[in-house]
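What follows is calculated from the coordinates using simple rules that are stated; it is not laboratory data. Remember, it's a predicted structure, so these values are computed and weren't measured experimentally. Note that we place each Cβ from the backbone using ideal geometry, even for glycine, and neighbour counts take in every protein chain shown.
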Amino acid sequence: GFLATSRVESKAKEFMDRAFTAHRRQDCAVMWRVQLHPRGEDDMAYMCKHVNLVQHGTMPDEYEYLFAPYSVFTVREVRESAKASKGVPHIIDIEAAIDNSCESEDLPLAP
């Protein structure tokens with residue numbers, strides 16, 4: 001399915017908590033931080049083509065972004081927590097590709 005993200009940190013933590021609880025794993029929590037190309041803010045050529053802002057009438061300040069299934073990301077940095085938990089998660093910074101259709105279809109899938 002779609003990858004739900006938010007630029008509001010408290011909402012992102014809520015997403016992380018939900019995933020943490022759903023997997024019933026008490027030994028691992030991960031905060032994924034998605035980076036977009038900085039020039040995409042002003043230049044359409046660098047704007048991410050496979051993400052959409054979803055605005056809910058009841059939650060206008062949520063800023064939920066949905067990435068299309070099988071979106072391409074590059075891992076930029078991993079910061080491991082000595083004891084990952086909801087309060088102190090691993091942090092993984094990933095960069096979204098500008099356009100999935102320009103990426104190889106032979107890339108490995110994340111587990």
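Okay, here's what the table says:
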read-out	value
The chain, helix-only ellipticity at 222 nm - DSSP H runs n ≥ 4, -39,500 (n - 2.57), divided by all residues, nearest 500	-4000 deg cm²/dmol
Distance (nanometres) between label positions extended 7 Å along Cα→Cβ at residue 10 and residue 28	3.0 nm
Extension gain from residue 42 to residue 17, taking 0.36 nm per residue of separation minus the Cα-Cα distance	5.7 nm
For region 32-72, the fraction of alpha-carbon pairs in successive 10 Å shells from zero, as %	25, 47, 27, 1
Theoretical FRET efficiency, 1/(1+(r/R0)^6), r = Cβ-Cβ of residue 103 and residue 63, R0 25 Å, to 0.05	0.45
Percent RCO, i.e. relative contact order, over the chain, from Cα pairs under 8 Å lying at least 6 residues apart	33 percent
Where N is the number of residues in region 66-111, Cα Rg divided by 2.2 N^0.38 Å	1.42
Against the rule of thumb 2.2 N^0.38 Å, how large the Cα Rg of the chain comes out	1.13
